[in-house]
Amino acid sequence: MSSNVDHSKIPELEHRNFRNDDFWKEIPAWASVTRGEFADHKWQTKNSIRKVEQVKKVLGDRCSDELYQDILDGQKKAPMNIRITPYIFSLIDWSNPVNDPLRKQFLPLGSQFLPDHPMHMADSLNEDVDAPIPLLTHRYPDKVLFLPTTICPVYCSYCTRSRIIGGSTESIDKETYGANQKRWDDVFEYIMKNSRIEDVVISGGDSYMLTPKQIRYIGENLLKIPHIRRIRFATKGIAIFPMKVLTDDEWVEAMQDVMKLGRAFGKQVVIHTHFSSPKEITKWSQMAMDRLYTEGFTVRNQAVLQTGVNNHIDTMVLLTRQLSFMNIQPYYVYMHDMVPGCEHFRTSLKEGIELEKAVRGTTAGFNTPTFVCDLPGGGGKRNVSSYEYYDQENGISVWKAPNVKPGQIFFYYDPLHSLSKEAQDRWMNEKSRNEMIEAARKKVEDQSSLKPK
């Protein structure tokens, strides 16, 4: 039975309403671009915004001199270069770009930056430290992270791997890399020799940037290792470039071949994607997922909690419901990592806990994301409520990861802008800063000593 209900008029059904207008025609340079042209993945790649000058050229009079200068200033401070697909660029509200959640994620403004937290780290998660060989992080006993490339279809301003991704900028020099089959073969050899490994995440960079031949090569080599049971291709692509799924048949077929091979071996091959805002979701997203779902793919989502992007209850609930409606399982929501150039994005742990409580119960449990803190120092992902101790006044949380790095203590720090003026002043003094951290450590050590052996 068909329904004529206008879902956009019923708040509870807003998640079923997918934008489907010719929104890109509001951009002066693309006013005459047809729907067919906009749908072509090659057109999207060719017309991606890679330089600040292109922003001015494409927007014309819609980009004020003040905004343009702010974007230029942003590139002097940002740890990432810009690369934005026309799809995402067109979805930005250019009548109010300063407050737009997509602009915030992909086009930094100089005026938005805050000083880095005193305890920030370029490699917040110790991925390089926990790398036994190049391109591979081995932290969990049965899981590894494989980074075959550092190239992405867009560069996210909040990226946890800004130390290697997004090209060198005025604020940071990087050693980026592309496909290197010899180094990949070294990864496969390491995995083959470590029989405890069952799970491989293929990230980077972005799996979207692997060619069909490379996808098959990586997938087949991993699946042929007897003890590998699960591989996950990680890509932001479905969120920011759904046209590739719809029109790049060779890429989709390569992914399909790997998935079918996995099933023939009794193994899982899934896709992990990365929607962080409902504003990224349109009818194109739904159509891309319709294709992937029809062809048998399991897709899960990992979002990053960001101030002004998704740290409002209604926004997070809408994102969760829209993902579920498109057959994407909401999997994780991460506390923002303590990487440089991102202090303005970060929220307090308290806010993450409160959001998790508010989202839980709004939909089925299996479609409710787990809110996690990926511990600085390589402790791995922990539920936001599983800290050992939390000093909210000074924004210090203390954690343990007994099955990842037994005996170690890890710290996560709230952003200074979320603290009182008095607490911020304490952080600016090295002596009082060290005293606060040591006091929190001692609290946890004292608690441990009181537990029965």
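The values are calculated or read from the model by the stated rules, or taken from the named source; none is laboratory data. Since the model is a prediction, treat every value here as computed from it, not as a measurement. Counting neighbours? That spans all protein chains shown, and the Cβs are built from the backbone with ideal geometry, glycine included.
Things worth noting here:
- Any strands (runs of 3 or more DSSP E) falling wholly within the range 352-392 and containing at least 2 residues that are in contact with a helix residue (DSSP H, G or I) (Cβ under 7 Å, 6 or more places away or on another chain) and among the hydroxyl-bearing types (Ser, Thr, Tyr): 389-391
- The residues in the range 394-447 that are out of contact with any Cys (no Cβ under 6 Å at 6 or more places or on another chain), touching a residue at least 24 places away in the same chain (Cβ under 8 Å) and among the hydroxyl-bearing types (Ser, Thr, Tyr) can be counted, and the count is 4.
- Residues of the range 312-340 satisfying the condition of being in a loop (DSSP other than H, G, I, E, B) and either among the aromatic types (Phe, Trp, Tyr) or surrounded by fewer than 19 Cβ atoms within 10 Å (Cβ to Cβ) (or both): 312, 327, 340
- Some residue of the range 349-371 being more than 28 Å from residue 299 (Cβ to Cβ), crowded, with 20+ Cβ neighbours inside 10 Å and not charged (D, E, K, R): yes
- Test: residue in the range 413-421 that is in the same structural domain as residue 392 (by TED's automatic domain parsing), in contact with a Ser or Thr (Cβ under 6 Å, 6 or more places away or on another chain) and modelled with pLDDT of 95 or more: yes
- Top-ranked residue in the range 278-309 [being farther than 23 Å from residue 89 by Cβ and among the aromatic types (Phe, Trp, Tyr); ranked as nearest to the chain's Cα centre (by Cα)]: 297
- Screening the range 395-424 for residues that are of a type in the set (A, V, I, L, M) and part of a helix (DSSP H, G or I) and picking the one that is nearest to the chain's Cα centre (by Cα) gives 416.
- One residue stands out among those in the range 131-164 that are outside any strand (DSSP E or B) and basic (Lys, Arg): the one that is nearest to residue 406 (Cα to Cα), which is 139.
- Of the set (1) touching a strand residue (DSSP E or B) at 6+ places or on another chain (Cβ under 7 Å); (2) not in a helix (DSSP H, G or I), all apply to residue 191 but (2).
- Within the set 152, 159, the sole residue that is in contact with a helix residue (DSSP H, G or I) (Cβ under 7 Å, 6 or more places away or on another chain), in the same structural domain as residue 193 (by TED's automatic domain parsing) and touching a residue at least 12 places away in the same chain (Cβ under 8 Å) turns out to be 152.
- Condition broken by residue 229, with the remaining ones in (1) over 30 Å from residue 315 (Cα atoms); (2) touching a Gly at 6+ places or on another chain (Cβ under 9 Å); (3) surrounded by 20 or more Cβ atoms within 10 Å (Cβ to Cβ); (4) not hydrophobic (A, V, I, L, M, F, W, C) satisfied: (3)
- The residues listed here are 309, 304; of these, the one that is under 26 Å from residue 402 (Cα atoms), among the β-branched types (Val, Ile, Thr) and outside the structural domain of residue 400 (by TED's automatic domain parsing) is 304.
- The set of residues in the range 77-108 that are over 18 Å from the mean Cα position of the chain (by Cα) and among the aliphatic types (A, V, I, L, M) comprises 91, 92, 98.
- All helices (runs of 4 or more DSSP H) inside the range 31-73 with 2 or more residues being among the aliphatic types (A, V, I, L, M): 52-59
- Residue in the range 194-238 that is farthest from residue 83 (Cα to Cα), counting only those that are touching a residue at least 60 places away in the same chain (Cβ under 8 Å), part of a helix (DSSP H, G or I) and among the β-branched types (Val, Ile, Thr): 218
- In the range 110-130, residue surrounded by the most Cβ atoms within 10 Å (Cβ to Cβ) [restricted to those that are assigned to a loop (DSSP other than H, G, I, E, B) and among the polar types (S, T, N, Q)]: 124
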